[in-house]
Amino acid sequence: MDKFLLLLLLLAVFPFVFFQGVGPTTLCMVCENFKRGHCLRGKSNCTMEQGPGCRTRDFFIFTDRDGWRYNHTQLDCSNNCQSMNYHLGTLRISIFCCKGQDFCNKYQGKGLEWKPY
Ligand SMILES: *[C@@H]1O[C@H](CO)[C@@H](O)[C@H](O)[C@H]1NC(C)=O
Ligand SMILES: *[C@@H]1O[C@H](CO)[C@@H](O)[C@H](O)[C@H]1NC(C)=O
């Protein structure tokens with residue numbers, strides 16, 4: 001009986017252990033200051049096991065002279081990533097979430113296409 005239980009336990013646990021490394025994980029880029037497709041500071045990477053957890057955040061700053069202007073983009077992983085915009089005083093942050101393609105978060109938001117003018 002004990003052997004039977006052990007077998008059941010192994011059958012229950014092994015597929016999990018075995019498939020863990022093969023699961024649909026997404027590699028995301030981590031960057032503190034991402035502009036024009038290049039990471040200027042704090043470049044690294046992180047992996048998300050599930051959910052749309054590769055995060056892109058565009059930061060905009062408001063000044064009386066220029067209005068809202070794009071400042072920089074940050075890339076990272078977030079377990080509860082939600083696409084949205086929010087304001088913090090003179091700061092506006094646009095959040096994008098993605099999954100399923102490695103480094104997909106560098107293709108969201110303004111970090112890639114933005115050019116000085
Ligand atoms: C992920 O980052 C580590 C260092 O943090 C680096 O050694 C590794 O090459 C990176 N992997 C990829 C796929 O870029
Ligand atoms: C604006 O971007 C610069 C880097 O280009 C950064 O050092 C600064 O902290 C950013 N400002 C805000 C308010 O996030």
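Derivation of every value follows stated rules applied to the coordinates shown; laboratory data play no part. If you're wondering where the values come from, they're calculated on a predicted model, not measured in any experiment. Methodologically, a virtual Cβ is constructed for each residue, glycine included, from the backbone with ideal geometry; neighbour enumeration extends over all protein chains shown.
In segment 58-74, the residues that are assigned to a strand (DSSP E or B) form Cβ pairs under 7 Å with partners that are within 16 Å of ligand 1 (Cβ to nearest atom) and charged (D, E, K, R), at six or more places apart or across chains, as follows: Gln74/Glu32. With respect to (1) within 23 Å of Thr26 (Cα to Cα); (2) crowded, with 19+ Cβ neighbours inside 10 Å, the lone exception for His72 is condition (1).
Whenever a residue of segment 91-103 is in contact (Cβ under 8 Å) with a residue 12 or more places away in the chain and under 13 Å from Thr47 (Cα atoms), its partners that are aliphatic (A, V, I, L, M) and in a strand (DSSP E or B), lying with C-beta atoms within less than 9 angstrom and at least six residues away or across chains, give the pairs Lys99/Met48; Asp102/Leu27; Asp102/Met29; Phe103/Leu27; Phe103/Met29; Phe103/Leu75. Scanning segment 75-89 for residues being under 13 Å from Cys46 (Cα atoms), in a strand (DSSP E or B) and of a type outside the set (A, V, I, L, M, F, W, C) gives a total of 1.
Taking the numbered list (1) surrounded by fewer than 14 Cβ atoms within 10 Å (Cβ to Cβ); (2) within 15 Å of the chain's Cα centre (by Cα) in turn, Leu40 passes all entries but (2).
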